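Notes follow once the structure below has been shown.
What follows is calculated from the coordinates using simple rules that are stated; it is not laboratory data. None of the values given here were measured: they were computed from a predicted structure. Neighbour counts run over all protein chains shown; Cβ positions are idealised from the backbone, glycine included.
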Amino acid sequence: MSIKKFLFTGITTCLIASSTIPIFASAPQVDLNNPLSISFVLDQLEDKLEKSSDKQYKIDWDFEIIYNNGKVLVVIEYDKEDAKAFKKLTKADLEKLVTAIATEITTTLGKQDIPIQGIIIEDDAAQPTHQFSYNNGKLDIK
């Protein structure tokens, strides 16, 4: 086979393949049937959220995100030392924070309609400060 024919065949094959299968996807697909895949991706997301939200509203945030039986469970924890700053947050501030987190989760998992439930809790508290659910872009926070 000549070099010209080899290159032509290779380029043609690549173009045909790329028209049906994207070579570079915009976001990685997470296999929601593979617990290890989900766990790895959610661990990475926790780290990302902790870095991006660190000291947002002058509060040190920690996150735990778990995928279980088709829904996502989220624990948003703040340090006891930041309790005064937390009490200054408005409901709109909390809604903005939780919506941003839920958007990151749905984008990361590639599933916009995945139900998300969670709590916001002080690290030493026995009871959560707030509970929330996020379904199809609608947030309910109590």
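Distance between the modelled labels on Ala83 and Asp47, one decimal in nanometres: 3.3 nm (7 Å Cα→Cβ projection).
Could you pull out the pairs from Lys55/Lys96; Lys84/Lys138; Lys55/Lys111; Lys48/Lys91; Lys58/Lys87 whose alpha carbons sit more than 18 Å apart here? Going by Cα-Cα distance, Lys84/Lys138; Lys55/Lys111; Lys48/Lys91 fall outside the 18 Å limit.
The trypsin sites (Lys or Arg not before Pro) of region 32-107 that meet both conditions, a loop assignment by DSSP and at most 13 other Cβ atoms within 10 Å of the site Cβ, are Lys55, Lys88. Amide H contacts of Lys71: none lie under 5 Å away among residues 5 or more positions distant or on a separate chain (H built 1.01 Å from N in the peptide plane; Pro and chain starts excluded). Here region 27-141 yields Rg over Rh of 0.96, to two decimals, using C-alpha coordinates and the Kirkwood radius.
Backbone N atoms of region 59-76 closer than 19 Å to the 7 Å Cα→Cβ label point of Leu36 belong to residues 67-68. Name the residues of region 104-124 whose amide N is less than 16 Å from a point 7 angstrom out from the Cα of Asp93 along the C-beta direction? Under cut-off, by backbone N: 120-122.
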